[in-house]
Amino acid sequence: MADTVAQSTMNQRAGMSLRTRRILTHAGIFALLLLAWEIGSRTGLLDPLFYPRPTDILASFWRVYVTQGNIWFHLYASLGLVLAGFVAGSIMGIGLGALVGFNPLVRRFIKPYVIVLEATPRIAVAPLLIAALGFGAQSKIAIIMLVCFFAPFINTLSGVVNVNEEKLELFKSLGASKMQTLRKLVLPEAVPVIMAGERLALTAALSGVLVAEFIQRDQGIGSLILTYTRNLNMASAFACIFTLTIIGFLIFRFMEWLDHRIAFWNHEDGLNRNAQKRQARWSKKLATA
Amino acid sequence: MMDPPKSNRPNALWLMSRFAPHLALFGVLIIIWELLVRTGVITTIMIPKPSSIGASIIDLYFVSGTIWPHFFITLTEAVLGFCIGAAIAIALAVGSSLSDPFRRYVMPYAIVMNVTPGIALTPVIIAWFGFGMGSKIALAAVISFFPIFVNTLTGLMQVDNEREELFTSLGANRFQIFTRLRVPAALPLLFAGLKIGLTTALIGAVVAEFAQATAGVGVLMNRFSFQLNMGASLATLLSMTLIGLILFYSMEFLDDRLVFWRREERREAVSRKRARAWKRRAETSGRTR
Amino acid sequence: MEQQAIIEANDPGTAVVAGSNVGKTFANGTVVALDNAEFTIPKGKFVSLVGPSGCGKSTLLRLIAGLIAPTSGHLHVHGTQVAGPRQDVAMMFQRATLLEWRTAIENVLLPTEIAGNVEDADRERAMELLHLVGLGDFAFSFPAQLSGGMQQRVALARLLQTGADVILLDEPFGALDEFTRERLNVELLRIVAEVGATTVFVTHNIAEAIFLADEVYVMTPRPGRIAKVIDVPLERPRELAIQTSPEFNHLVDEARDVLGAH
């Protein structure tokens with residue numbers, strides 16, 4: 001036994017060094033790419049006016065975040081809208097999806113409209129909404145709601161419709177009421193699919209706010225990118241774009257975390273955590289009784 | 001849902017009974033909408049009369065034909081962008097599936113591309129590729145890349161242990177396993193990715209047209225919206241739906257042809273065709289012998 | 001043919017498969033999947049490997065197939081050491097592992113395609129084999145159009161198409177219902193006898209193991225090893241009815257004793 005333990009720690013150490021080596025190689029390649037870019041730009045192979053140097057982008061990061069600090073205002077404006085539009089749009093999507101999913105007649109009649117809506121680039125309605133609702137937050141939120149609505153709607157609908165037949169029969173045989181079936185079977189079964197829809201919706205929300213801001217260039221990160229590009233200040237434009245990369249990454253991780261929390265039974269760590277928690281709760285209840 | 005009659009061609013009666021309720025509902029909705037606007041219950045400029053949308057459709061599509069040049073420009077942009085994005089995505093996915101080191105080098109950049117909202121690059125891409133079709137094609141390619149890449153890679157990385165063992169036990173080499181097992185097994189997922197990619201390519205083309213362009217349905221949409229000509233904007237929106245449907249169903253058709261083994265009727269058709277080919281070969285080889 | 005000559009020169013007992021001291025460990029030696037297996041399988045014999053999961057029966061099968069390499073000992077087929085997958089050994093799995101984009105006949109032709117070019121003679125043979133397994137009328141059906149039992153028949157035809165005379169079967173009918181399985185077992189015996197193959201059959205069903213085999217290797221887990229070799233002297237051809245005979249039940253008890261005692 002001692003032998004195998006020693007061996008496994010050795011393996012671990014070997015694995016770690018392999019991992020470190022890989023990370024170093026990747027970092028090296030990345031650094032080389034950046035260096036090639038920088039040199040290409042400095043020797044005039046790449047026009048720095050259009051293809052900003054990595055060092056310039058870094059300097060711009062410092063400027064927009066610290067010395068000028070102008071990005072904060074725009075970020076705040078955009079992300080507030082994203083949050084509002086996402087929450088409103090996805091709640092509507094889930095609600096309508098569930099409503100349609102439970103009603104076979106409505107489902108049948110709504111199908112052609114769903115096909116048409118699915119083929120339409122929803123974001124294309126942006127100019128129309130802006131023209132109709134006027135400049136300002138309300139038209140932007142409307143656009144975000146619109147692009148956020150569809151994925152949760154479709155996923156909730158299919159999640160509710162595609163509940164396992166045998167499990168439904170089980171509930172029927174147990175004499176469960178409609179409400180019980182919904183709460184104890186249909187919703188939990190649909191949750192992972194709904195979460196996948198929410199993930200898509202939040203990504204779409206980010207794109208939606210950008211398009212809205214490209215069209216009405218008053219404030220927000222989208223209009224900032226547009227202004228910088230128009231002034232051929234490409235380095236600052238890229239500082240904004242990479243900011244969006246970071247936000248996109250954070251959103252991705254957050255949705256992943258949320259999925260592990262809510263649909264815990266699909267993930268190993270969630271299973272362990274909940275099993276322990278529930279056992280503790282169980283024994284506490286026994287002790288008090 | 002009604003099943004189609006046993007004969008291969010659905011007859012007119014069946015088609016009528018199938019579509020009549022939908023058409024009736026659609027007609028009723030349109031009439032109610034028209035009445036609501038005419039009687040002054042709905043007064044916002046945002047919601048035009050169905051009859052004025054109809055008039056715009058007739059004018060744009062049939063009388064003046066204004067829409068068609070724009071229609072084909074956007075269609076071309078979306079298709080070319082999609083083809084470029086798909087070619088790069090499939091090439092990188094094939095490389096990544098064949099070589100572990102290659103995959104490790106590609107993945108971080110692919111993930112960065114995925115979490116960055118591709119739409120954010122719109123102004124920069126217009127600065128790089130100009131106001132013409134080039135920038136629209138480029139944006140369409142950029143944002144259609146990731147869904148195709150990730151689906152193809154997932155498809156190619158699916159490993160069915162028993163089938164791999166079968167091939168190994170038959171002495172198959174890596175190339176044979178790739179072409180005869182991995183690729184056909186990946187086709188369904190590849191097509192799922194291509195369908196998503198086509199939709200996103202269209203979004204890319206239209207958004208780039210919103211930002212800056214001289215032609216395309218996005219330009220038309222912008223123009224009509226800001227003229228507050230809602231009938232014409234909605235008629236233009238319809239053209240985007242049309243492009244979306246054309247693109248989606250042509251891919252669906254290809255999917256059905258190439259991944260023929262999923263659908264009963266296609267399976268039977270291909271099965272009959274191969275039986276005939278076998279017989280023909282047997283006859284010709286018998287004659288030569 | 002050349003290999004035939006080698007075994008006849010090396011081994012007068014005509015052992016087609018022979019293992020001496022064969023062992024296989026996984027996870028750096030922490031898991032002993034197969035410990036010290038000693039066995040010889042004569043030409044044309046049918047051997048069943050039976051035992052609970054983890055007893056090493058699948059490992060032994062994959063070692064003979066050359067899919068994995070032993071960590072100790074020697075394994076010979078037709079007198080030559082097993083060093084990887086080979087032409088004279090073929091394997092069949094619990095799932096039919098058919099390619100769903102190929103018709104039955106195209107699936108049967110897969111081994112020929114992988115080995116080289118497909119000639120008219122190969123096509124004729126493939127068609128004959130489909131007739132042999134009773135699927136002559138379904139040559140151009142896709143796997144999705146066939147029942148589970150029919151899919152396994154196609155897999156059997158594909159296995160025979162390799163031309164191998166050592167055939168390895170890993171619970172081939174385990175996923176089918178009892179009736180289909182019994183019928184296919186009887187047919188398997190007929191077909192194996194017809195082509196004269198040496199067969200190794202893995203199962204966890206004791207009665208099935210005895211019904212099919214000339215010799216049953218009863219295997220026990222932790223570490224996986226061949227605990228006992230039971231000779232099955234029942235006459236051939238066998239009918240399903242022999243399963244009720246006292247001799248048959250005696251053999252079942254004998255195997256059960258070994259597995260129960262462990």
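Observations, loosely collected:
- Per-region count, the stretch A:246-264, residues away from chain B (no Cβ under 12 Å), part of a helix (DSSP H, G or I), of a type in the set (A, V, I, L, M, F, W, C) and under 19 Å from A:Leu187 (Cα atoms): 3
- Yes/no for A:Ser60 being assigned to a helix (DSSP H, G or I) and touching an Asp or Glu at 6+ places or on another chain (Cβ under 9 Å): no
Every residue, every condition in (1) assigned to a helix (DSSP H, G or I); (2) surrounded by fewer than 23 Cβ atoms within 10 Å (Cβ to Cβ), yes or no:
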site	(1), (2)
C:Gln152	yes, no
C:Ala175	no, yes
C:Ile226	no, no
C:Gln243	yes, yes
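- Among the residues examined, B:Arg18 does not qualify as modelled with pLDDT of 85 or more and basic (Lys, Arg).
- Residue within the stretch C:37-59 that is within 14 Å of chain B (Cβ to nearest Cβ) and either of a type in the set (Phe, Trp, Tyr) or surrounded by 15 or more Cβ atoms within 10 Å (Cβ to Cβ) (or both) present: yes
- For B:Leu247: the one exception among (1) out of contact with any helix residue (DSSP H, G or I) (no Cβ under 7 Å at 6 or more places or on another chain); (2) within 14 Å of chain A (Cβ to nearest Cβ); (3) not hydroxyl-bearing (Ser, Thr, Tyr): (1)
- Restricting attention to the stretch A:151-171, the residues being over 12 Å from A:Ala98 (Cα atoms) and crowded, with 22+ Cβ neighbours inside 10 Å number 1.
- Listed conditions (1) modelled with pLDDT of 90 or more; (2) touching a helix residue (DSSP H, G or I) at 6+ places or on another chain (Cβ under 6 Å) are all met by A:Leu250, apart from (2).
Yes/no matrix, rows are residues, columns are (1) of a type in the set (Lys, Arg); (2) within 19 Å of the chain's Cα centre (by Cα):
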| site | (1), (2) |
| --- | --- |
| A:Lys184 | yes, no |
| A:Glu198 | no, yes |
| A:Gly222 | no, yes |
| A:Ile225 | no, no |
| A:Thr229 | no, no |
| A:Ala235 | no, no |
| A:Phe238 | no, no |
| A:Ile251 | no, yes |
| A:Asn272 | no, no |
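- Neighbours by Cβ (under 7 Å, 6+ apart or cross-chain): first from the stretch C:238-262, within 21 Å of C:Val192 (Cα to Cα); second surrounded by 12 or more Cβ atoms within 10 Å (Cβ to Cβ) and not hydrophobic (A, V, I, L, M, F, W, C): C:Leu240/C:Glu182
- Residue tally, condition more than 24 Å from the chain's Cα centre (by Cα) and surrounded by 14 or more Cβ atoms within 10 Å (Cβ to Cβ), over the stretch B:66-101: 5
- So B:Leu238, is it more than 15 Å from the chain's Cα centre (by Cα), more than 30 Å from C:Gly66 (Cα to Cα), more than 9 Å from chain A (Cβ to nearest Cβ) and assigned to a helix (DSSP H, G or I): no
- Tally of residues being closer than 24 Å to B:Met240 by Cβ and either within 14 Å of chain B (Cβ to nearest Cβ) or more than 22 Å from the chain's Cα centre (by Cα) (or both) across the stretch A:86-99: 1
- Some residue of the stretch B:258-280 being without any contact (Cβ under 8 Å) to a residue 40 or more places away in the chain, of a type outside the set (D, E, K, R), more than 24 Å from B:Ile137 (Cα to Cα) and not in a helix (DSSP H, G or I): no
- Where helices (runs of 4 or more DSSP H) fall entirely within the stretch A:164-245, those with at least 2 residues that are within 18 Å of A:Leu81 (Cβ to Cβ), at pLDDT 90 or above and within 9 Å of another protein chain (Cβ to nearest Cβ) are at A:187-215, A:221-230.
- Of all residues making up the stretch A:30-83, the number that are of a type outside the set (Val, Ile, Thr), touching a helix residue (DSSP H, G or I) at 6+ places or on another chain (Cβ under 7 Å) and over 30 Å from A:Ala212 (Cα atoms): 4
- Selection from the stretch A:37-63 of residues that are of a type in the set (A, V, I, L, M) and at pLDDT 90 or above: A:Ile57, A:Leu58, A:Ala59
- Of residues in the stretch C:63-90 being within 14 Å of chain B (Cβ to nearest Cβ) and closer than 13 Å to C:Thr25 by Cα, the one farthest from the chain's Cα centre (by Cα): C:Ala69
- Within the stretch A:42-68, the set of residues being at positive phi and either surrounded by 14 or more Cβ atoms within 10 Å (Cβ to Cβ) or in the same structural domain as A:Gly220 (by TED's automatic domain parsing) (or both) is empty.
- The stretch A:156-184 residues that are in the same structural domain as A:Leu99 (by TED's automatic domain parsing), paired with ones that are of a type in the set (Lys, Arg) and surrounded by fewer than 12 Cβ atoms within 10 Å (Cβ to Cβ) (beta carbon under 9 Å, 6 or more apart): A:Thr181/A:Lys172
- Only helices (runs of 4 or more DSSP H) whose full extent lies in the stretch B:112-225 are considered here, and the ones with at least 1 residues that are within 14 Å of chain A (Cβ to nearest Cβ) are B:122-129, B:133-157, B:183-211.
- Residues located in the stretch C:91-104, provided they are of a type outside the set (Val, Ile, Thr), in a loop (DSSP other than H, G, I, E, B) and either under 14 Å from B:Pro184 (Cβ atoms) or more than 7 Å from every other protein chain (Cβ to nearest Cβ) (or both): C:Gln94, C:Ala96, C:Leu98, C:Leu99, C:Glu100, C:Trp101, C:Arg102
The values are calculated or read from the model by the stated rules, or taken from the named source; none is laboratory data. Nothing here was measured: the structure is a model prediction, and the numbers come from that model. Cβ: placed from backbone, ideal geometry, glycine included. Neighbour counts: every protein chain shown.
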